[in-house]
Every structure is written in C-alpha cells, then in structure tokens.
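One structure is given here, and the rest of the page talks about it.
The values are calculated or read from the model by the stated rules, or taken from the named source; none is laboratory data. Worth saying up front: this structure is predicted, and the values here are computed from it rather than measured. As a convention, Cβ positions derive from the backbone with ideal geometry for all residues, glycine included, and neighbour counts pool all protein chains shown. For accessibility, only protein heavy atoms count, side chains too; no ligands or nucleic acids. Shrake-Rupley method; radii C 1.70, N 1.55, O 1.52, S 1.80 Å.
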Amino acid sequence: MTFPPIEQLLPHRAPMLLLERVTAHDEQSVCCETVVGARQALLLDDNGDLPGWCGIELMAQTIAAWAGMQAHQHHEPVRIGMLLGTRKYQSQLPVFGAGSLLRIEAHCLLQDAGMASFECSIWIGDRECARARLSTYQPTEAQLTDLLEQKQ
C-alpha cells in the first residue's frame, strides 16, 4: 500500500520533521520509519547519534501521522495536536545510533472528544528499544483559535 508523503500528514516542517514515511496504517494504529541522520540534525550529538530521550518526539510525531492519515482518509485538513503527557518512557538505549533504521509504532488505546491515549514503541530490527504511553489532545479549529487568542 502507498501512503501520502509524511509532509502531507504532519503539520511539522524541517528542521523538526523527524520522520521519513508511514509504512503501515489502520483504524487504530500506525507504523513510521526514519533513519537517524540529517533529518534530525538539530538533535544529534557530536557522534551523529540521536539521544534516547528524543524517542518521545518520534512517538508524538508518529501519533501525528496517525491523525494525519485519519484526516487524509476523510478528505479533511491536517490539524495541530498537543502532547499532554508521557507515562513510563523507557529507553533501553542511551542513543539511537547514526544510520539506524528506526521503526516507530503507535496504537490508539482510547479516543474521546479530541483526547487520546496511545501505546508506542521504537524498534531497531526485531529489538524493541523504547516504549511509552502518550496522552494527546487535538483541539477543534475553534478551540485552537481560542487558545491562540488568549496568548495575545
């Protein structure tokens, strides 16, 4: 199956668009891939490795890709989402090595009124390298406008 380019699914742009592509998607889950390198240039250490704590952002962007696929399927625009929290982020690696192909998976556990909870994991080959549960919120356009106007 062919999926839209990642740039069409996420509101992110370079240099903070860390993912390369969606490789699988269904009603409840999504799988994305990226190779540690130039796409994450702002976050790499002196050895070209991606710090393990960046896995949270990879997971969050994978959730955004899931939401982007949902929007794409319903012929709706991609909307901004917010990461509300992370539970039990565990990374078995201090860094994701330069050139590593990372597979990031997210499975929606529950979704209600813009709030959602996802079980996420990051894999290198058949080795799970990180795992967490992320809570997100996707406001409606009206709610987002209200939030942005409050800051002014």
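Restricting to Cα pairs below 8 Å that are 6+ residues apart, what does the relative contact order work out to for the chain? Please round to a whole percent.
It comes to 23 percent, rounded to a whole number.
Can you give me the long-range amide H partners of Ala130? Hydrogens built in the peptide plane at 1.01 Å from N, cutoff under 5 Å, separation of 5 or more residues or another chain.
Gln92, Ile122
When the accessible area of the chain is computed with all protein chains present and a 1.4 Å probe, what percentage of it is carbon and sulfur?
53
Along the three principal axes, how long is the range 78-152 when you take its alpha carbons, biggest first, rounded to the nearest angstrom?
44, 27, 22
Which percent of Cα pairs goes in each bin when the distances of the range 70-110 are cut into 5 angstrom slices starting at zero?
5, 11, 14, 22, 17, 16, 11, 4
What list of ³J(HN,Hα) couplings, whole Hz, do you get for the range 24-41 from phi and the Karplus terms 6.51, -1.76, 1.60, once you set θ to phi - 60° and write x for glycine and proline?
Those phi angles translate into 7, 7, 9, 4, 10, 8, 8, 10, 10, 10, 7, 9, 5, x, 3, 4, 10, 3 Hz.
Quick check: Cα centre of the range 11-69 to Cα centre of the range 76-141, how many Å?
Between the Cα centre of the range 11-69 and that of the range 76-141, the gap is 9 Å.
Just the number: Rg to Rh for the range 1-131, Cα atoms, Kirkwood Rh, two decimals. Don't skip to the answer; put the middle values down first.
Numbers: Rg = 14.0 Å, Rh = 14.9 Å.
That ratio is 0.94, to two decimals.
In square angstrom, what is the accessible area per residue of the chain with a 1.4 angstrom probe?
Working: 8460 Å² over 152 residues.
I get 56 Å² per residue for the chain.
For Ala98, which sequence-distant residues (separation of 5 or more, or a different chain) have an amide H within less than 5 Å of its own amide H, given hydrogens modelled in the peptide plane?
Under 5 Å from the amide H of Ala98 lie the amide H atoms of Asp49, Leu50, each far enough along the sequence or on another chain.
Taking 30 Å as R0, compute the FRET efficiency from the Cβ-Cβ separation of Asp46 and Leu147 and round it to 0.05. Let's see the in-between values first.
Values: r = 38 Å, r/R0 = 1.26.
So, using R0 = 30 Å, E works out to roughly 0.20.
Treating only the Cβ of Lys, Arg, Asp and Glu as charged (+1, +1, -1, -1), what charge dipole size does the range 103-152 show about its Cα centre? Round to the nearest 20 debye. Write out the running numbers ahead of the final one.
Working: 5 positive and 8 negative charges, 51 e Å.
Charge dipole, the range 103-152, about its Cα centre: 240 debye, nearest 20.
How long is the gain from Ser29 to Ala98 if the chain were fully straight, where each residue apart is worth 0.36 nm and the alpha carbon distance is subtracted?
Values: separation 69, 0.36 × 69 = 24.84 nm, distance 2.68 nm.
That works out to 22.2 nm of additional length.
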